[in-house]
Amino acid sequence: ASQLRINAHAQFRSESKMADVDQWIDIAKQCKYLPENDLKKLCDYVCELLLEESNVQPVSTPVTVCGDIHGQFYDLEELFKTGGQVPDTSYVFMGDFVDRGYYSLETFTRLLTLKAKWPDRITLLRGNHESRQITQVYGFYDECQSKYGNANAWRYCCKVFDLLTVAAVIDGSILCVHGGLSPDIRTLDQVRTIDRNMEIPHKGAFCDILLHDIKLQG
């Protein structure tokens, strides 16, 4: 009886969470941001999902791969209109969701709600802008301050940034990363062993994968 009660409670919590997620999806698709407490719940839930993901996330075709969004909410919606909605279409987003655009908060929230609802249909890779330092310079921090009146929302999102996976491999043959390759990396297993749950370092393999500016010789 005690096990039945535990199972029933777990099922209720799961159904309640999904009801919240459905509500958040409806809000986010209107280019609106969530109440602060709901955003915290969403970020916490997505963090739980991301903890289960490898640094190198396997993805199968058919899949649509997308580059930087940079807070352009309506471009993101146009992309869904053209490529298909989640979960009908599977997506890999290759980072830089925030900064520069006016709707970084709404854009990232929209992607998080989709990740919460259909975690196997949308893969979110970390870009160099998913960082505390960069977002304090290029707009996301200020946007959160302006819209919420404090920095809490930014902090919740930064926790998600730290857990975003760093690479995806499509059908075992196509590697997706935001920045590029690293002279310190020879195998995918080396990428798999990186401790990604941190602020992006200024140098080394982890940094290169997310931000590898190629210097042309001559």
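Which net charge results for the neighbourhood of F73, defined as the other residues with beta-carbon distances under 9 angstrom from its beta-carbon, given Lys and Arg at +1 and Asp and Glu at -1?
Numbers: positive: R110; negative: D75, E77, E106.
The answer is -2.
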Rounded to the nearest 500, what is the chain's calculated 222 nm mean residue ellipticity when only DSSP H runs of at least 4 contribute -39500 (n - 2.57) each, over all residues? -15000 deg cm²/dmol
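Using a Förster distance of 30 Å, how high is the FRET efficiency between N152 and E52, based on the Cβ-Cβ distance and rounded to 0.05? Display every interim value, and only then the final one.
Numbers: r = 25 Å, r/R0 = 0.85.
That pair, N152 with E52, gives E of 0.75.
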Which whole-Hz ³J(HN,Hα) couplings does segment 100-117 yield from phi under the Karplus relation 6.51 cos²θ - 1.76 cosθ + 1.60, θ = phi - 60°, glycine and proline marked x? 6, x, 7, 10, 4, 4, 5, 5, 5, 4, 4, 5, 5, 5, 5, 5, 5, 7
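Counting only DSSP beta bridges with both residues in the chain, what percent are antiparallel, rounded to the nearest 5?
Details: 3 of 14 bridges.
Antiparallel: roughly 20 percent of the beta bridges in the chain.
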Considering the chain as a Gaussian network with a 10 Å cut-off on Cα pairs, which listed residue, F93, F80, F161, attains the greatest mean-square fluctuation? F80
Treating cross-link reach as a plain straight distance, find the lysines whose alpha-carbon is under 20 Å from the alpha-carbon of K117, omitting any fewer than eight places away in the same chain. K17, K29, K32, K40, K41, K81, K159
Sorted by chain and then number, the residues having a modelled amide H within less than 5 Å of the amide H of T123, at least 5 places away or on another chain, are Y91, V92, F93
Which is the longest stretch in the chain that no exposed loop site breaks, taking sites as trypsin sites (Lys or Arg not before Pro) with a DSSP loop state and at most 11 other Cβ atoms within 10 Å? 1-185
Using all C-alpha to C-alpha distances in segment 8-93, build P(r) with 10 Å bins and read off the rounded percent in each one. 13, 36, 42, 9, 0
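How much of the pair distance distribution for segment 1-210 lies past 24 Å, counting alpha-carbon pairs only, in percent? Could you put the intermediate results ahead of the total?
Values: 8983 of 21945 pairs.
Value for segment 1-210: 41 percent of Cα pairs lie more than 24 Å apart.
Since every read-out is calculated from the coordinates, none of them should be taken as a lab result. Remember, predicted model here, so these are calculated numbers, not experimental data. Note: ideal-geometry Cβ built from the backbone for every residue, glycine included; neighbour counts use all protein chains shown.
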